[in-house]
1. Could you say whether any residue in the range 66-85 is modelled with pLDDT of 90 or more and in a loop (DSSP other than H, G, I, E, B)?
2. Restricting the range 57-78 to residues that are surrounded by fewer than 18 Cβ atoms within 10 Å (Cβ to Cβ) and of a type in the set (A, V, I, L, M), which is nearest to the chain's Cα centre (by Cα)?
3. Condition first: part of a loop (DSSP other than H, G, I, E, B) and in contact (Cβ under 8 Å) with a residue 60 or more places away in the chain. Can you find one or more residues in the range 36-57 that meet it?
4. Only residues that are of a type in the set (A, V, I, L, M, F, W, C), surrounded by 17 or more Cβ atoms within 10 Å (Cβ to Cβ) and closer than 18 Å to His177 by Cβ: list them for the range 140-165, please.
5. Mind telling me which of the residues Ala172, Ala137, Ala127, Ala182 ends up being modelled with pLDDT under 95, outside any helix (DSSP H, G or I), surrounded by 15 or more Cβ atoms within 10 Å (Cβ to Cβ) and among the aliphatic types (A, V, I, L, M)?
6. Name the residues in the range 27-56 that are touching a His at 6+ places or on another chain (Cβ under 9 Å), exposed (fewer than 15 other Cβ atoms within 10 Å of the Cβ) and hydrophobic (A, V, I, L, M, F, W, C), would you?
7. For the range 86-107, give me each residue that is over 25 Å from the mean Cα position of the chain (by Cα) and either farther than 23 Å from Ala4 by Cβ or part of a loop (DSSP other than H, G, I, E, B) (or both).
Amino acid sequence: MRDALQMLLRSAEFSVFSYATAEEFLSDMDRSRTYCLLTDVRLPGMNGIALYRHLVSIGVDPVVVMITGHGDIPMAVSALKEGVADFVEKPFDPAILLDILRSAAERAVASHQRKTVAADIRSRLTALTAREAEILAMLVEGHPNKVIAAKLGISVRTTEHHRARIMEKARARSLSHLIRMALAIGDFASEQS
């Protein structure tokens, strides 16, 4: 089955790496990459669902399509709720599987682009001083300069100066752009609390 799928995917111009077991994949995996995986639920050793859960737990966030000849509705629903992209029962139509995989590959590319943008934003925001990060967190919470100044016991003018430096370091075009940048990395405000 693995050889047949590999031939099918290569004929559709997918770049394919094939592994006999989840453990074999894990030993060869590069955590910095974004993966689009096609895996069977039943594998020797770690099964496909356990593989998906493990990858998520280590922060890899893969796009996974699972196939099975032994699937049942509760297993599929559970896997989909956990974030598996799709669940396909054998025997499957090769054309349908290819469509599903193309869609999953597009999701993987979009995920990679989001991660790249978030890493760039995070690197910009790590250049902020502790005070600038504190002010940015308050800006993200929606506080105006006067409120920030009062909370920090500094002048409005000093707050405005810090805000200008934050905008410069973040390379933000506007306050809304700056806030979207901070929200894009998701955990910025909570990191500052």
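The values are calculated or read from the model by the stated rules, or taken from the named source; none is laboratory data. What you are looking at is a predicted structure, and each value in this text was computed from that prediction instead of being measured. Here the Cβ is made from the backbone with ideal geometry for all residues, glycine too, and neighbour counts use every protein chain on show.
1. Taking every residue of the range 66-85 in turn, at least one turns out to be modelled with pLDDT of 90 or more and in a loop (DSSP other than H, G, I, E, B).
2. Of everything passing the filter in the range 57-78, Ile58 is nearest to the chain's Cα centre (by Cα).
3. Restricting attention to the range 36-57, the residues satisfying the condition of being part of a loop (DSSP other than H, G, I, E, B) are 41-47.
Imposing the further condition that a residue be in contact (Cβ under 8 Å) with a residue 60 or more places away in the chain reduces the set to none.
Looking through the range 36-57, none of the residues is part of a loop (DSSP other than H, G, I, E, B) and in contact (Cβ under 8 Å) with a residue 60 or more places away in the chain.
4. Step one: filter the range 140-165 for residues of a type in the set (A, V, I, L, M, F, W, C), giving 140, 147-150, 152, 154, 156, 164.
Restricting the remaining residues to those that are surrounded by 17 or more Cβ atoms within 10 Å (Cβ to Cβ) gives 140, 148-149.
Listed by number, the list holds a single entry, Val140.
5. Working: Ala137 fails: outside any helix (DSSP H, G or I); Ala127 fails: surrounded by 15 or more Cβ atoms within 10 Å (Cβ to Cβ); Ala182 fails: outside any helix (DSSP H, G or I).
Exactly one residue qualifies, and that residue is Ala172.
6. Applying the first criterion (touching a His at 6+ places or on another chain (Cβ under 9 Å)) to the range 27-56 yields 33-34, 41-42, 46.
Okay, now just the ones that are also exposed (fewer than 15 other Cβ atoms within 10 Å of the Cβ), so 33, 42.
If the condition is that a residue be touching a His at 6+ places or on another chain (Cβ under 9 Å), exposed (fewer than 15 other Cβ atoms within 10 Å of the Cβ) and hydrophobic (A, V, I, L, M, F, W, C), then no residue fits.
7. Applying the first criterion (over 25 Å from the mean Cα position of the chain (by Cα)) to the range 86-107 yields 89-96.
Result: Lys90, Pro91, Phe92, Asp93.
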